Each structure stands twice: as C-alpha cells, then as structure tokens.
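A.B. asks: Let me begin by handing over the structure; questions about it come next.
The values are calculated or read from the model by the stated rules, or taken from the named source; none is laboratory data. In this text the structure is predicted, and so the values were computed from the model without any measurement. Cβ sites come from the backbone with ideal geometry, for glycine too, and all protein chains shown count toward neighbours. Heavy atoms of the whole protein, side chains included, go into the accessibility calculation; ligands, DNA and RNA do not. Shrake-Rupley method; radii C 1.70, N 1.55, O 1.52, S 1.80 Å.
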Amino acid sequence: MGVKIIGLGASVPLKLVTNEELSRVLDTSDEWITTRTGIKRRHHSSSSETTSYLSYKAGVAALRSVTHSDDSDVDTLIVATSTPDRRCPATAPKVAAMLRLGKIRALDINAVCTGFIYALELADALIRSGKSKKLMLIGADVFTTILNKQDRTTYPLFGDAAGAMILTNSDDDNILSTYTGSDGEYENLITIPDGGTESALRPDGVNADVFFRMEGKEVFLKAIAHMKESVSEALNLSGLSKENVDYIVPHQANKRIIDTISQLFELNKDQALMSLEEYGNTSAASIPITLVRHVKVGTIKPGNKIVVTAFGGGITWGAAVLRWPDEKINANVI
Ligand code: ACO
C-alpha cells in the first residue's frame with residue numbers, strides 16, 4: 001500500500017510587515033535582516049487570526065485543491081504546532097470541528113519547526129498500517145504571540161502561517177521515506193523557559209521568562225549538521241541518491257543555512273526552494289507553505305523527487321523524500 005498526496009494549501013494573516021516597518025520600531029535595518037537571513041517580509045496575526053483559524057483556512061485551501069480523490073472522508077487530523085490556541089486541550093479537535101470533518105481522530109504534535117516532518121512521518125505510518133484512509137496534516141504557528149516585540153534577535157525572524165496537506169491510501173506512492181530524530185540535552189537552545197509545569201511547580205511559582213528565546217549561532221551550526229544527516233538518512237531509506245533529487249525544501253529559517261545545505265549535496269541554487277523572503281520563518285508551516293508556493297507557480301512538476309528537511313526546538317530534526325504526484329493539485333495561499 002502506498003501513500004498519495006492529493007491536496008495542499010496554506011494560509012497567512014492579512015497584515016504584511018516589511019523590514020522597513022520593523023526598522024522604525026526596533027534597532028535593526030532592512031540591510032541587516034536581508035543579508036543575515038534573506039527575509040524581506042512576514043505576516044503578523046491580528047486578534048482573530050489564531051492558530052486554529054489559520055489552520056482552518058489552510059485546511060479549506062487544501063480541500064479545495066483536490067482534483068482527484070475517491071469518496072472517502074478525512075478520518076484523521078494532525079496539527080503540528082508549538083503555539084496552540086490553549087495549553088489544554090489540543091488545537092486539532094477544534095480545527096476538525098471548524099472544518100466539519102465529523103467526530104474523527106484529531107491530535108496535536110509539538111516538534112517546533114520540525115513539526116510538519118514529524119506529522120508527515122506519523123501520517124505515513126497511520127495510512128500504511130490501514131488505521132487511516134484519508135488524513136489531513138497541518139503545520140501552523142503564530143509565533144508573534146510568544147516573541148518579545150523588543151527583542152531584535154528574534155522578533156524580525158518569524159511570521160505567522162499555516163500549511164495543510166491531504167494524504168490518502170493508494171497504489172501510487174508519493175512518500176518514499178521519512179526520518180526523524182531529537183536530542184533533549186539541548187532543550188535550552190530554543191525554548192520558552194517558563195509557563196509549563198517546570199515553572200509552576202517551583203516554590204515561588206512565578207512565570208518570569210515567558211518569551212521565546214534562541215541561541216542563534218549554536219542553532220545555526222546544529223541546524224546545518226542535523227539537516228545534512230537527515231537528508232542523507234532519508235535518501236538512503238528511499239534508495240535514491242543526491243543525483244536523483246530535483247528539489248530540496250529546507251525549513252525556511254535562514255537563506256545562509258539553505259545555501260549551505262544545498263552546497264553540501266552539490267545542488268545548484270535553483271534546486272533549493274524558498275519562501276522565506278515573503279513569509280519569514282513560519283515554524284511548522286514553513287515546509288508546506290514553500291511547497292504551495294512552488295506548486296502554484298509550476299516549479300514543482302509531476303514526478304519530481306523532492307527532499308523536505310527541517311530542524312527545530314527540542315532539539316528535533318528530520319527529512320522526507322517525496323515523489324510529486326501526477327495528478328494536478330490546485331494549491332493556493334489564502
Ligand atoms: N538587527 C541588527 N543587528 C542585530 C539583529 C538585528 N535584528 N539581531 C542581532 N543583531 C546583532 C547582534 O546583537 C550582534 O551584534 P554584536 O556583534 O555587537 O554582538 C550581531 O548582530 C551579530 O549577531 P549574531 O547573533 O552573531 O548574528 P548571526 O549572523 O548569527 O545571525 C541569526 C543571527 C539570524 C539568528 C542566525 O544565527 C540564525 O539564523 N540562526 C539559526 C536559526 C534557525 O535555524 N532556527 C531554526 C529553528 S527555530 C525553531 O525551532 C522555532
């Protein structure tokens with residue numbers, strides 16, 4: 001039994017924020033952000049554009065994009081997010097209700113920026129085992145809600161977004177391999193220290209440190225090392241070599257990281273697909289929104305072999321090798 005990709009869509013909030021606009025309120029510049037990261041713009045949520053709302057919209061876009069499908073209903077929804085609507089319960093059941101998917105299996109996964117790859121690996125296993133026949137996975141994050149607006153080292157890097165993919169069981173196979181890993185020894189590299197059980201159980205019970213923080217330089221090096229390892233492992237598992245790869249879609253955190261990864265696999269610059277100049281680092285949404293962008297403009301074509309890879313908090317990492325489906329997918333960002 002194979003796993004087929006039949007739908008893809010994404011959603012961003014209405015408000016667009018340019019580097020110039022950020023430079024008016026923060027000690028930063030378009031020149032610094034562009035040369036150090038490649039980011040030019042990002043979208044910021046307004047009060048109603050929550051993780052569930054962006055997920056719902058991405059889900060609608062993915063359902064609309066399907067051109068070839070049997071009649072079976074979506075029976076599973078996985079939402080990868082580290083910025084859920086609430087600490088309890090999970091966001092996925094709410095999104096399933098908003099999308100009127102019925103009383104289906106619905107769960108969240110938190111692997112921060114690697115969330116979409118973790119969700120894809122679980123989705124693949126659920127379908128191959130026969131537990132699920134049609135599944136929607138969504139990567140969604142509203143990082144503006146956890147960032148310190150005065151922190152120039154993090155605030156300019158992130159944008160809010162959601163991306164959704166629909167998978168089904170099939171004789172075709174579009175997921176050729178998946179690979180994931182983690183190392184909790186490094187949880188402090190990317191973290192929100194307070195606000196969970198650890199701080200609540202301290203005698204003072206004070207939530208002093210509730211903003212997202214990242215050790216940029218160390219994360220930069222670990223992201224390259226673990227995405228390199230992930231791509232190699234996923235290629236090995238798929239039986240393909242780097243010469244067979246048409247495109248790589250790395251997590252959209254920093255253009256310099258993406259350039260390094262593509263050089264390591266001797267890919268030319270056009271083979272590393274990007275969307276970060278437009279959306280910034282959208283965490284769990286970054287891979288699906290980049291796929292949407294390049295399916296929409298026709299860069300990604302039927303039969304293309306695509307390696308997706310990510311690195312994020314945990315620390316976590318992973319990759320998957322995809323064979324793009326032959327049937328048309330009307331992917332859009334709405
Ligand atoms: N504007 C102007 N100057 C700045 C800014 C800014 N926005 N941010 C930092 N600086 C300054 C620093 O203060 C520092 O100044 P100093 O030399 O006087 O001390 C200087 O610029 C250089 O700072 P660095 O942190 O060394 O800059 P670097 O080149 O490493 O870029 C960045 C920082 C963009 C964060 C980079 O390290 C990076 O991309 N790291 C990896 C991020 C990543 O991959 N994340 C993935 C996972 S994210 C997740 O899971 C949610």
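A.B. asks: Could you tell me whether any residue of the range 154-172 is more than 30 Å from residue 77 (Cβ to Cβ), without any contact (Cβ under 8 Å) to a residue 24 or more places away in the chain and not in a loop (DSSP other than H, G, I, E, B)?
C.D. replies: no
A.B. asks: Let me spell it out: the conditions are (1) under 21 Å from residue 307 (Cβ atoms); (2) outside any strand (DSSP E or B), and residue 147 meets all of them except one. Which number is the exception?
C.D. replies: Answer for residue 147: the failing condition is (1).
A.B. asks: Considering the range 127-161 alone, what residues qualify as being closer than 21 Å to residue 6 by Cβ and in contact with a strand residue (DSSP E or B) (Cβ under 6 Å, 6 or more places away or on another chain)?
C.D. replies: Residues satisfying the conditions are 127, 132, 133, 134, 135, 136, 137, 138, 139, 140.
A.B. asks: hydroxyl-bearing (Ser, Thr, Tyr) and away from the ligand (no atom under 11 Å from the Cβ): is that true of residue 154 in this structure?
C.D. replies: no
A.B. asks: Only strands (runs of 3 or more DSSP E) wholly contained in the range 1-120 count here; list those with 1 or more residues that are open to solvent by 10 Å² or more (accessible area, probe 1.4 Å) and away from the ligand (no atom under 15 Å from the Cβ).
C.D. replies: Counting at least 1 such residues, we get 2-11, 15-18, 41-44, 105-109.
A.B. asks: Keeping to the range 284-295, report how many residues are open to solvent by less than 10 Å² (accessible area, probe 1.4 Å) and either within 12 Å of the ligand (Cβ to nearest atom) or in contact with a Ser or Thr (Cβ under 7 Å, 6 or more places away or on another chain) (or both).
C.D. replies: Qualifying residue count, the range 284-295: 5.
A.B. asks: State the number of residues belonging to the range 310-334 that are within 16 Å of the ligand (Cβ to nearest atom) and either open to solvent by 10 Å² or more (accessible area, probe 1.4 Å) or assigned to a strand (DSSP E or B) (or both).
C.D. replies: The qualifying residues number 8.
A.B. asks: Which condition breaks for residue 205 when tested against (1) within 13 Å of the ligand (Cβ to nearest atom); (2) outside the structural domain of residue 13 (by TED's automatic domain parsing)?
C.D. replies: (1)
A.B. asks: Condition check: over 18 Å from residue 84 (Cα atoms), at pLDDT 95 or above and of a type in the set (D, E, K, R). Does residue 183 satisfy that?
C.D. replies: yes
A.B. asks: Hey, among the residues in the range 296-309 that are in contact (Cβ under 8 Å) with a residue 24 or more places away in the chain and hydrophobic (A, V, I, L, M, F, W, C), which one's surrounded by the fewest Cβ atoms within 10 Å (Cβ to Cβ)?
C.D. replies: The qualifying residue surrounded by the fewest Cβ atoms within 10 Å (Cβ to Cβ) is 306.
A.B. asks: Here's something else I'd like to know. Can you name the number of the only condition in (1) open to solvent by less than 50 Å² (accessible area, probe 1.4 Å); (2) away from the ligand (no atom under 12 Å from the Cβ) that residue 146 fails?
C.D. replies: The number of the failed condition is (2).
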